[in-house]
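The structure appears below as structure tokens.
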Amino acid sequence: MFPVSPEKARALEETMRRLGVREEDLDEQFIRSRGRGGQNVNKVSTCVVLRHGPTGLVVRCERERSQALNRFLARRLLLEKLEARQRGVAEAAARERSRIRRQKRRRCSPPSARSVRRRPRGGRRPSRSSTRIARTHRWDLSVEDAIALQHELAATVDTAEPLPPLRLIAGAHVAYTGDQLVAAAVVLTFPALEVVGQAAAVEHAAFPYVPGLLGFRELPTLLAACEQLSPGPDLMLCDAHGIAHPRRFGLASHLGYCLDLPSVGCARRRFVGEHGPVGEPRGSWVWLTDGGQRVGVVARTRTGVKPVFVSPGFAVTVSDAVEIVLATTAGYRMPEPIRQAQMLANEKKRRTSIASSATVS
């Protein structure tokens with residue numbers, strides 16, 4: 001892909017994977033370079049401007065006469081800035097650790113796994129006229145405290161509980177526009193998959209972009225959208241990971257915990273784990289394992305189309321999770337509730353961008 005040695009290319013890929021940077025998150029533009037360099041620089045767009053969507057970081061590279069080489073160097077420069085930002089977050093957290101410890105009495109301590117309310121197995125969950133937040137905690141945490149809280153809350157996740165009969169399923173998706181988060185949730189009937197309710201919210205991200213801690217960055221806005229959602233769903237389908245996460249508590253698990261609802265994570269890309277080849281026919285799946293533990297499945301929702309990564313989020317089994325994903329996928333790669341939520345988020349994002357442009361002008 002880039003005119004560099006295989007060792008440098010592998011090092012770049014490993015750093016991108018470690019920092020959670022994906023090519024799909026990069027907005028790349030090519031412009032003419034400035035200064036000396038002859039006709040190649042003055043007539044060919046060799047300068048690379050690279051923007052990282054989730055953080056808004058922008059770098060510009062025009063060091064070489066080769067556009068392809070500048071693309072490689074721009075990525076390396078962006079990764080250096082991201083790494084420096086994450087180090088800064090950790091250092092700031094260390095400086096404030098004493099202050100945070102003094103405030104711990106005011107934190108709402110999360111319940112233990114034994115205190116999490118469970119409905120009788122096989123029983124029907126009472127239908128909700130609206131969605132409510134059942135549990136919450138402080139969101140202005142340091143990186144270290146956020147990681148510790150994930151470890152603590154992971155004990156509340158039950159992946160052995162069978163689902164009750166489902167009548168309403170909601171999809172959740174979060175999009176970015178500049179430094180703002182656009183969260184959307186859409187309720188569909190099941191199994192007819194007809195839209196009966198939707199809500200969206202736009203807020204600024206208060207927590208930094210840290211791979212593995214997106215719940216602390218995106219959930220406050222997503223919960224604000226869910227609070228407006230009516231009727232209340234029986235299950236949440238999230239465009240995110242559940243227990244297929246380094247600490248077994250991804251965004252899908254976090255959302256299910258806060259809403260006290262069964263939740264399923266269905267992501268387009270792998271975050272952790274390994275898996276074997278997936279059969280081509282729709283409905284084929286293989287186990288996704290991490291550290292010797294089965295954390296989800298890799299399922300083919302459309303014949304000949306890339307598979308998705310499914311994992312239990314909260315109060316749901318692996319078999320129920322994959323069954324729900326396949327049952328709600330209607331002609332597209334992603335489940336219909338998630339697809340509807342993504343369309344709503346994109347529409348809200350478009351309107352927000354137009355409103356911002358009108359305000360500026």
Quiz item: Taking strands (runs of 3 or more DSSP E) that fall entirely within segment 275-315, which contain at least 3 residues that are closer than 20 Å to Tyr332 by Cβ and either among the aliphatic types (A, V, I, L, M) or over 17 Å from the mean Cα position of the chain (by Cα) (or both)?
Solution: 293-299
Practice problem: May I ask you to list the residues in segment 152-175 that are touching an Asp or Glu at 6+ places or on another chain (Cβ under 9 Å) and either crowded, with 24+ Cβ neighbours inside 10 Å or in a strand (DSSP E or B) (or both)? | Solution: Leu168, Ile169, Ala170, Gly171, Ala172, His173, Val174
Quiz item: Out of all the residues in segment 324-336, which are buried (at least 22 other Cβ atoms within 10 Å of the Cβ) and either over 16 Å from the mean Cα position of the chain (by Cα) or at pLDDT below 95 (or both)?
Solution: Ile324, Val325, Thr328, Thr329, Glu336
Quiz item: In segment 249-270, what residues are within 14 Å of the chain's Cα centre (by Cα), surrounded by fewer than 24 Cβ atoms within 10 Å (Cβ to Cβ) and touching a residue at least 60 places away in the same chain (Cβ under 8 Å)?
Solution: Arg268, Arg269
Quiz prompt | Among the residues listed as Leu229, Leu181, the single one being buried (at least 23 other Cβ atoms within 10 Å of the Cβ), in the same structural domain as Arg339 (by TED's automatic domain parsing) and in contact with an Asp or Glu (Cβ under 7 Å, 6 or more places away or on another chain) | solution = Leu181
Quiz item: Which residues, counting only those in segment 215-274, are part of a loop (DSSP other than H, G, I, E, B) and among the charged types (D, E, K, R)?
Solution: Asp234, Asp239, Arg247, Arg248, Asp260, Arg268, Arg269, Arg270
Self-check item: Among (1) modelled with pLDDT of 80 or more; (2) surrounded by 15 or more Cβ atoms within 10 Å (Cβ to Cβ); (3) touching a strand residue (DSSP E or B) at 6+ places or on another chain (Cβ under 8 Å); (4) not charged (D, E, K, R) - the single one Val58 does not satisfy
Solution: (2)
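I'd like the residue in segment 63-89 that is small (Gly, Ala, Ser) and surrounded by fewer than 13 Cβ atoms within 10 Å (Cβ to Cβ) and, out of all such residues, is modelled with the lowest pLDDT. Steps first, answer last, please.
Residues of segment 63-89 that are small (Gly, Ala, Ser), as a first pass: 66, 68, 74, 84, 88.
When the remaining residues are screened for being surrounded by fewer than 13 Cβ atoms within 10 Å (Cβ to Cβ), the result is 84, 88.
On the way: Ala84: 77, Gly88: 65.
If we take residues in segment 63-89 being small (Gly, Ala, Ser) and surrounded by fewer than 13 Cβ atoms within 10 Å (Cβ to Cβ), then Gly88 is modelled with the lowest pLDDT.
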Quiz item: Within segment 194-207, restricting attention to residues that are in contact (Cβ under 8 Å) with a residue 24 or more places away in the chain and surrounded by fewer than 17 Cβ atoms within 10 Å (Cβ to Cβ), which residue is farthest from Ile338 (Cα to Cα)?
Solution: Ala206
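The values are calculated or read from the model by the stated rules, or taken from the named source; none is laboratory data. The shown structure was predicted, so the numbers you read here are calculated from the model rather than taken from an experiment. Note that each Cβ is placed from the backbone with ideal geometry, even for glycine, and that neighbours are counted across all protein chains shown.
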